[in-house]
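Step one of this worksheet: look at the structure below.
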Amino acid sequence: MDHDILYLYRIVSSGLGYPWCRVQPLTHFSINVFGVLGFGEEEFWSSLLKLATIIMFLFLGLVLVCGGGPKGGAYDHFIGGQHWHNPGAFANGFKGVCAVFVTAAFAFSGTELGELPLDEVIAIAA
């Protein structure tokens with residue numbers, strides 16, 4: 001039932017058509033056909049892709065903050081310390097600090113979940 005609702009949403013919103021909505025279930029089915037070994041292999045490569053994507057976004061963020069964006073754009077100059085002085089580190093007081101900690105907790109949990117398969121690989125090799 002939930003899958004059908006998701007498929008209908010994708011058909012209406014993307015305009016790609018019905019066949020593209022069957023790619024995900026067929027991919028999951030084909031992975032499950034190979035059993036635990038296939039699932040583990042897929043999990044390893046997906047985690048590696050996730051880790052590579054995180055590293056690329058960190059590098060892109062560093063380049064843009066340091067002024068490596070296109071000329072005339074929002075990131076064509078160094079903006080690293082611009083917001084530290086105006087409005088300051090504690091702009092919204094205690095409520096702002098708590099909001100930052102909540103966001104950081106979710107961001108850390110995503111990164112930590114990406115590192116779990118790497119820990120398993122190291123434990124198996126040892």
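Tabulated results
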| read-out | value |
| --- | --- |
| Phi to ³J(HN,Hα) by Karplus 6.51 cos²θ - 1.76 cosθ + 1.60 over the range 97-102, Hz, x for Gly, Pro | 5, 5, 5, 5, 5, 5 |
| Built amide H within the under 5 Å cut-off of Y75, gap 5+ | none |
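Only the coordinates and a few stated rules stand behind these numbers; no lab work does. For clarity, every value in this text was computed on a predicted model and none was experimentally measured.
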